[in-house]
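Here's the structure we're looking at; comments come further down.
Just so you know, all these numbers are worked out from the coordinates, no wet-lab data involved. Every value quoted in this text rests on a predicted model; they were computed, and no experiment measured them. Cβ: placed from backbone, ideal geometry, glycine included. Neighbour counts: every protein chain shown.
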Amino acid sequence: SVKVTKICCSGPTCAVIALKCPHIIVTIVDLNQARVDAWNSPDFKLPIYEPGLEEVVREARGRNLFFSTDVDKGIEEADLIFVSVNTPTKKSGVGAGFAADLNYVELATRRIAQVARTSKIVVEKSTVPCRTAESMRTILEANSKPGCRFDILSNPEFLAEGTAISDLFKPDRVLIGSLQTPEGLSACQSLAAVYANWVPKDRVLTVGLWSSELSKLAANAMLAQRISSINALSAICEATGANIDEVAHAVGYDTRIGPKFLKASVGFGGSCFQKDILNLVYLSESLHLPEVAAYWRQVVEMNEHQKRRFSKRVVDTMFNTITGKRIAVLGFAFKADTGDTRESAAITLIRDFQSEKAYVNIYDPQVPHDQIWADLAEASPLAPVETIQKQVRICSSAMEACQDAEAVVIATEWKEFNDIDWEQVYSNMNKPAFIFDGRLLVDAEKLRKIGFSVTTIGRP
Ligand code: UDX
């Protein structure tokens, strides 16, 4: 198999490859000059927030890790190219709302075919529905120059945001899919050899191309399904007096089930779960498997139900009206330790509060204010911007957000919300002062002693 010496990729995951493999030159390419400048900035003001990333870039940048807008040069020089581009859900056309938009993957693939003058291993890293690698292969082969061969691999990313760097340092597994031909297997070995620099051999799984692609969708669908299952049970707990944390703890002790990913919440968010499940739904439907499609669709529907149920509980608890009341929403990111807001449950909650004509104060330690405004505008496309701005205020601390509020809603499990001076918050709020904990974060008993009326997911 070919020994990889130069890698070209889009997206920052390859920074870790550079760190762990000083003998490989890694170039991260991006057409966006501002982003590349940020990657290259002397004071390490990187374009994304991810714990540990800065340290990686500090060590490898300029040594064997480079950032550039010169995509063509990156492609030409590399012997292995990671294609990790956006595959958002299609907004129009066939499969709108479900199928992935593969336009960017196709454009990237065509570019590689056009520019490459030597043989390349092309690795599909974006989450894409099954058999995308096949399309990529066809495009590459139809456009390759003589003497220039392309081998396609699938190498899905399993990292989670907020823990991306530690996930990459110590992955549960690395999955590499290839054609089962001698050339395919040899390309697979080349990539496996890169990971062998820091990942134990028994954690590098090599499978067929299709299995690899489907495994990525399957893993995310099953993780999301666990959350929807625990959230469905949280509704039963609220109605019956059981405590969802106790139930999750008891259930998770079964080694076959395991304790992780059983935290009831106001609903899952993030760029992957919903998108991947809808992809799976679309795939199942196109394979004429309507029952399978309905099964997976229900995971997303349960998540929507969980968010609606939470907003309704807020209104019900506050004497059936929140009109004109001020609600502090703590947390806007889809989970803690990230500034990412894609599909964040907070967006839906705030939209619900807005349509009940409440005033909303928002505080999040990481999300930029422009991002919050953009998300809120997108969530209520019919509301004029001025109306939104009249109803919503973005604050720069939790304390400020809670000032003169009637209720506090915890939407993201930021650790710092535990260290809030709740006595102080209580004295600044209108009474009765309500707290709605959508993340099982705060000590409800302690807060009740202060005087708060506390409502927690999965508890009566
Ligand atoms: C996920 C997968 O974990 C990762 O393997 C894949 O590569 C990308 O998608 P990510 O979206 O970054 O990663 O976040 P994750 O930690 O999985 O959380 C997703 C959502 O589920 C968050 O909104 C989180 O708050 C929620 N969640 C998670 C729960 O509500 N309860 C849990 O027990 C776990």
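Remarks
- Exposure proxy order (Cβ contacts within 10 Å, fewest to most) of T387, T456: T387, T456
- Between S427 and S355, the modelled labels are 4.0 nm apart [label points 7 Å from Cα along Cα→Cβ].
- Spin-label model distance (nm) - D37 vs K170, 7 Å beyond Cα toward Cβ: 3.9
- Here the scattering of region 293-383 is modelled by Debye summation over its C-alpha atoms, one equal scatterer each and no solvent; at q = 0.12, 0.19, 0.24, 0.26 Å⁻¹ the log10 of I(q)/I(0) is -0.40, -0.94, -1.27, -1.36.
- Think of the chain as a dipole: +1 on every Lys or Arg Cβ, -1 on every Asp or Glu Cβ, centred on the Cα centre; then among A379, F261, I435, F261 lies furthest on the positive end.
- Between the amide H of I435 and those of V408, S453, V454, T455, distances stay under 5 Å, these residues lying 5 or more places away or on another chain, with hydrogens modeled in the peptide plane.
- When every Cα-Cα distance of region 324-446 is counted in 5 angstrom steps from zero, the calculated P(r) takes the values 2, 12, 24, 26, 20, 12, 4, 1, 0 percent.
- Computed over region 222-290, the ratio Rg/Rh where both radii use C-alpha atoms and Rh is Kirkwood: 1.07
- Cross-linked pairs K90/K145; K325/K415; K275/K335; K3/K120: Cα-Cα separations exceed 22 Å for K90/K145; K325/K415.
- The alpha carbon radius of gyration of region 141-253, expressed as a multiple of 2.2 N^0.38 Å, is 1.52.
- Of every Cα-Cα pair in the chain, the percent that sits beyond 30 Å: 51
- Angle in degrees between helix 345-355 and the longest Cα principal axis of the chain, rounded to the nearest 10: 40
- Where only C-alpha atoms are counted, convex hull volume of region 24-70 per residue in Å³: 73
- Packing rank of 310-316, 245-251, where each peptide gets the mean count of other beta carbons within 10 Å, highest leading: 310-316, 245-251
- Centre separation in Å (Cα based) which lies between region 40-119 and region 445-460: 46
- Shape summary of region 281-333, radius of gyration then Dmax from alpha carbon positions: 17.5, 50 Å.
- Crossing angle, helix 209-240 versus the chain [Cα axis fit, 0-90 degrees, rounded to tens]: 10
- Take 443-452, 262-271, 83-92 and order them by the average number of nearby Cβ atoms within 10 Å per residue, most first; the result is 262-271, 83-92, 443-452.
- Pairwise alpha-carbon distances in region 122-202 exceed 17 Å for 53% of all pairs.
- R0 of 56 Å, Cβ-Cβ distance S119-R308: FRET efficiency to nearest 0.05: 0.60
- Ordering 172-185, 336-349 by mean Cβ neighbour count within 10 Å, with the highest value first, yields 336-349, 172-185.
- For region 44-86, the dipole from Cβ point charges (+1 on Lys and Arg, -1 on Asp and Glu) about the Cα centre works out to 220 debye, to the nearest 20.
- Between region 134-182 and region 360-393, the Cα center-to-center distance that results, in Å: 38
- Reduced Cα scattering model of region 7-91, Debye log10 I(q)/I(0), q = 0.24 Å⁻¹: -1.24
- Translational diffusion coefficient (Stokes-Einstein; Kirkwood radius from C-alpha pairs) of region 115-162 at 10 °C, 1.306 mPa s, in µm²/s: 133
- Whether region 56-210 is rounded, prolate or oblate, judged on the alpha carbon gyration tensor where a/c under 1.5 counts as rounded: rounded
- Counting other Cβ atoms within 10 Å as a rough exposure proxy, the listed residues I236, I350 run I236, I350 from fewest neighbours to most.
- Ellipsoid semi-axes for region 173-310, based on the Cα gyration tensor and the rule √(5λ), read 35, 20, 11 Å when sorted largest first.
- Debye-sum result for region 164-208 in log10 I(q)/I(0), which assumes one identical scatterer on each alpha carbon, at q = 0.13, 0.32 Å⁻¹: -0.28, -1.14
- With Cα atoms, 0 to 90° folded angle of helix 369-379 axis to the chain main axis: 80
- Note on region 1-143: semi-axes of the ellipsoid equivalent to its C-alpha gyration tensor, largest first and rounded to whole Å, are 26, 20, 13.
- Hydrodynamic estimate: the Kirkwood radius of region 242-343 over Cα pairs, inserted into Stokes-Einstein at 25 °C and 0.890 mPa s, corresponds to D of 149 µm²/s.
- The calculated pair-distance distribution of region 381-460 uses every alpha carbon pair, bins of 10 angstrom beginning at 0, and gives 17, 48, 25, 9, 0 percent.
- Ranked by how many other Cβ atoms sit within 10 Å of their own Cβ, fewest first, the residues V367, V4 fall in the order V4, V367.
- Proximal aspartates and glutamates to K260, defined as alpha-carbon separation beneath 19 angstrom and excluding residues fewer than eight positions away on the same chain: E161, D167, D172, D245, E246, D337, E413
- Think of each Lys and Arg Cβ as +1 and each Asp and Glu Cβ as -1; about the Cα centre, that makes the dipole of the chain roughly 540 debye.
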